Amino acid sequence: MVGLAAEVIVIGAGHAGVEAACAAARMGADTLLITQSIETIGQMSCNPAIGGIGKSHLVREVDALGGVMASAADAAGIQFRVLNASKGAAVRATRAQADRGLYRTAVRQAVERQANLRLVQQDVANLVFEDGRVVAVETALGITYAALAVVLTTGTFLGGVIHVGRASHAGGRAGERPSTQLAARLRELGFQVGRLKTGTPPRIDGRTMDLARMTEQRSDEPLPVMSFLGSIDEHPTQKPCHITATNERTHEIIRAALSHSPLYGGRIEGVGPRYCPSIEDKIVRFAARTSHQIFMEPEGLETHEYYPNGISTSLPFDAQLALVRSIKGCEAAHITRPGYAIEYDFLDPRGLWPWLETRRIKGLFLAGQINGTTGYEEAAAQGLLAGINAAGHVAAREPWVPSRREAYLGVLVDDLVTQGVAEPYRMFTSRAEYRVLLREDNADARLTPKGRDLGLVDDHRWHVHQTRMARVSKLAGALRTTRVAPSSAQAKQISAISGSKIATDVSAFDLLRRPEVGASALRTSLQTSLHINETCETLPQDWEQVKIEASYAGYIPRMEREIEQLKACEAMPIPASFSYHTISGLSAELAEKLSARAPANLAEAARIDGMTPAALSILLVHLKRDVSA
Amino acid sequence: MVRLSGPEALRIGETISATELQTRHLTRATFEDSNGEAIDEGLAVAFRGPASYTGEDVVELHAHGSPVLLAMLLERSLALGARMAKPGEFSERAFLSGKLDLVQAEAVADLIASGSIGMARAAVRSLKGEFSRRVTALDDAIKAIRVEIEASIDFADEAESFVEMREIETRLAALATQVDAVLGEAARGAALSKGLTLVLTGAPNVGKSSLMNRLAGHERAIVSAEPGTTRDVLHQQIELAGQQLEVVDTAGLRSASSEVEAEGVKRAQAAIEEADVRLDLWDASRPETRGAWPAPSTGQVVIEVMNKQDLVATRETDCLAISAKDGTGCAELVKEVERQVLSARGEPTFLARARHVEALQRCQEALKSARHEHITAKAPELVAESLREAHTALGEIVGLTTTEDLLGEIFRNFCLGK
């Protein structure tokens, strides 16, 4: 068929696909989003929650770049908490329990409201190439859509196989078809394909549980907000989670059923994540434990279904039912959907450029679980980046890649393309060397200006951002110039509230750096009596922001030294044609690794395992020679 | 000679020399330690960048060359803010600042490569034994604390109970004491092993002890014509090509006839295996003693030596011929050993030691700030930050721990994930 064309085509409308399509469209690319089912756009296939430690950092970054996820979570969140609230701001993380239906609706609305973005419901079967670049996609019905760039976000659908006990069948998610033809096609094309595994727990009808016998866990007060543009008013009615636990009897049931488990029966070859083990795994690996915690997460406001987070399983249904009913409060539980394990294809992400384009085929971008990651947030972040660069590809712009010092998104793609994955990759704050700089609270300061340049940030967000930045910087400036004398009334008040002694004349900013001096204490003491109010209107959260920046200020010079070195390495590109084997000082093993990974610059080369400072110096010398020659 | 390069070179050089240095002009100077006491008399010269080898300000301190004095000069420079250069770094800097021809890039790269091999060899030597065990134990202890802290940060919403901050504080204090102890020993050099070792092997009574005495210049071992006189391993320090060389004499290898001798044989075998350079001796008057040597271990330099050439009329020509008794051929032997030692290109041990001390000091500083920040700020993420720094510093001695290693350890120790 003729005439069906777009500049960017995104295949798949999960968390990666939606961000990719919206980002490309926001940047002005004529974009087509192709999905097997328009009804399941924005579907949460696993547990109904967004955020968490490390993950919420990604969500805030996606949001700072104008993405969809944070706002959808604000519109759908029925329980909000701040994790690590007692620790420093760098590791504080927002987590939202979402109503699946409301979340889908919010995402669908964002997609439908997006200019330059059209939807197509088709099953993509083939990618068409010409001269090493992607030119079109073909659907199972034989419809061809031409494109200049294609973003592939297949999730768990690529060669998906679902296991429950000894039974298994091809499937992309419970009740949905996998993408078998596309999987075969990608293998044909010579991509390095591996198998990964993930799983879900059985779902339970809340009316058949005795929640009163479990521990209730409510939203935090005041209610946290996910998006920089969000507000508490957007949140729907809140609904608590409940906590219960497995017991010895549960474990006996599981042990007795292990021989029927596809995991332990050897029928699953895919590698599952260590941090998201099935209950079978937990019982085998931590045999001494007598109990494992379970979070009963409500699936929504309009449904009785609960998601028992902590008992992901692929045991046969009868064992699932028995194990659920052995749990306190679940004695009469009715399972609405059995749990299952799913195996799916992923493509070795070392075959990608850091801007998520495949090295093999020009114009083809991959994002989400296809790259070996797990989690909605990891998927969304990659989708956004792939969308940005697909649109950039169409407009013949330089690719954009955030660095490890700018964003968790930079850590994520760098880890993927330089290290590859041995198990589904999940974000942790410990993966970020510059953790104290990459915080939820400053994601906008780090990324929104870049987003504006790229065309991702609309006028409203830009205005809100600039206003906030102006307020905070004025306040910080005023606090730096405001001195507090030991004998002053303010000093006495601050000491009285915080217990902090003021022995010498000190700037208000330096006072804020003291752990015991809270933002609100300082605000109470200084707000009325000093000149700060006349120079700028400030909000309580601005004081909190300055407090955070003041407490980490001591770390910034130290990190900046490291960052300078990193920058210098990043600024030293390695040409794709660079021949490592002719360099005499490199070991054959290292030369082999470098050739295979083809790092784009010296910083990437530095992170390849087995790299030594000496080898790096040798590379630098040779690169410098090639540049000058 | 100690060479300093960089913007602070002049300040450090002048402080040590206790005098103003003139550009491109040798100045006689007394190098002083931090108490103003003389380390050595020598010459100092300054070169202003860009008219210097590296293109930066450069100061050269020419001392008398004894490794001990050089080590003291080095230590003083480090205390004044310098850091140890990486292998080939001066050439690298020279190249990067355009002081060297592009054609020389290959040579610079080779220099870095061979230098790093030498450094690695020296580090391995210096890491033998007790010191290595203790630094590894420190590394493990830091890793264990990091596992706890990182897990408590990244898995705060899990049911696992992580170690309390008070407990972490106690462990950090214990760790700091441990680092202080290791640092104290490392600085004294007590815990570090010696430089290169040279071992004498051969059948009984081929003249090993005589040669040892010859090399050392005085009678150390008991020499007698009776086989089995040397019952133990004897050590002797000599200096060759600016390197400390420990000469080890071994009991003749043969089936032991007494218990005391059996122990000596056991020790000798270990010494032979660990040696960097080996002199395989045989007796010219007894050709059957040729070839009675154990197989060389990996990387060992082996030099075959025919002793007692004064006892025979004809000289074997396919190996070094000497007489330990009258000294014939011993000068040639020393030259050959020097050549081999130089070609091994091992970094002098005192340099390796200086690197280790420097790394331990950075580790100590970072631990200090971990404790300080933990106590004042109650911020585990900052404690984690300092611990990462401490761990990285130790990693320069025992190998780096990656985030993946850490995560692996976390998942092994805790049941995490829903």
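What shape does region A:94-180 have by the C-alpha gyration tensor, where a ≥ b ≥ c are the square roots of the eigenvalues, rounded means a/c under 1.5, and otherwise prolate means a/b greater than b/c and oblate the rest? Present the calculation step by step, with values, prior to reporting the outcome.
On the way: a/c = 2.30, a/b = 1.15, b/c = 2.01.
Oblate.
A cut-off of 5 Å between modelled amide H atoms, ignoring neighbours fewer than 5 places along the same chain, links B:Gly202 with B:Leu253, B:Leu281. Listed by chain and number, the lysines placed with their C-alpha closer than 26 angstrom to that of A:Lys492 are A:Lys474, A:Lys501, A:Lys547, B:Lys378; residues fewer than eight positions away on the same chain are left out. Backbone geometry of region A:313-325 corresponds, through the Karplus equation with coefficients 6.51, -1.76 and 1.60 at θ = phi - 60°, to 3J(HN,Hα) couplings of 7, 10, 5, x, 4, 4, 5, 4, 5, 5, 5, 4, 6 Hz, x marking Gly and Pro. Using C-alpha pairs under 8 Å with a sequence gap of at least 6, the mean separation divided by the residue count of chain A gives a relative contact order of 16 percent. When B and A come together, around 4100 square angstrom of accessible surface is lost from both chains combined, probe 1.4 Å.
Which stretch or stretches of region A:300-335 have amide N atoms under 16 Å from the point lying 7 Å from A:Arg249's Cα along the Cα→Cβ direction? Within reach of a label on A:Arg249: A:319-334.
A cut-off under 14 angstrom between Cβ atoms defines the neighbours of A:Ala64, and their net charge, with Lys, Arg +1 and Asp, Glu -1, is -2. With 40 Å² as the minimum drop in accessible area between chain alone and full protein complex (1.4 Å probe), the qualifying residues in region A:41-58 are A:Ile53. Entry comment: accessible area of the protein assembly as shown is 41 Å² per residue, from protein heavy atoms only and a probe of 1.4 Å. Taking every DSSP beta bridge with both residues inside region A:135-285, roughly what % is antiparallel (nearest 5)? Antiparallel bridges make up about 85 percent of those DSSP assigns within region A:135-285. Close amide H pairs (under 5 Å, H built 1.01 Å from N) link B:Val302 with B:Arg278, residues at least 5 positions away or on another chain.
Return a whole-number percent for the relative contact order of region A:14-91, with Cα pairs under 8 Å and 6 or more residues apart as the contact set. The partial results should precede the final answer.
Details: 44 pairs, mean separation 22.6, N = 78.
Taking the mean separation of contacting Cα pairs over the length of region A:14-91, I get 29 percent.
Could you work out what % of the accessible surface of region A:508-629 is carbon and sulfur, using a 1.4 angstrom probe and leaving DNA, RNA and ligands out of the count? About 54 percent, which is the carbon plus sulfur part of the accessible surface.
Across region B:392-406, coupling constants 3J(HN,Hα) worked out from phi with the 6.51/-1.76/1.60 Karplus curve, θ = phi - 60°, read 4, 4, 5, x, 5, 8, 10, x, 6, 9, 8, 4, 4, 4, 5 Hz, and Gly and Pro carry x. With Cα atoms defining each centre, region B:389-410 and region A:19-42 are spaced 42 Å apart in the structure.
Determine the share of region A:138-213's accessible area contributed by carbon and sulfur atoms, expressed in whole percent, with a 1.4 angstrom probe. C and S fraction of accessible area: 52 percent.
A simple packing score, the average count of other Cβ atoms within 10 Å per residue, orders the peptides A:270-281, A:364-375, B:159-170 as A:364-375, A:270-281, B:159-170, with the highest score first. Per-residue shielding of A:608-619, expressed as the average number of other chain Cβ atoms within 10 Å of the residue Cβ, stands at 5.
The values are calculated or read from the model by the stated rules, or taken from the named source; none is laboratory data. Since the model is a prediction, treat every value here as computed from it, not as a measurement. Methodologically, a virtual Cβ is constructed for each residue, glycine included, from the backbone with ideal geometry; neighbour enumeration extends over all protein chains shown. Note: areas computed on protein heavy atoms with side chains; ligands, DNA, RNA excluded. Shrake-Rupley method; radii C 1.70, N 1.55, O 1.52, S 1.80 Å.
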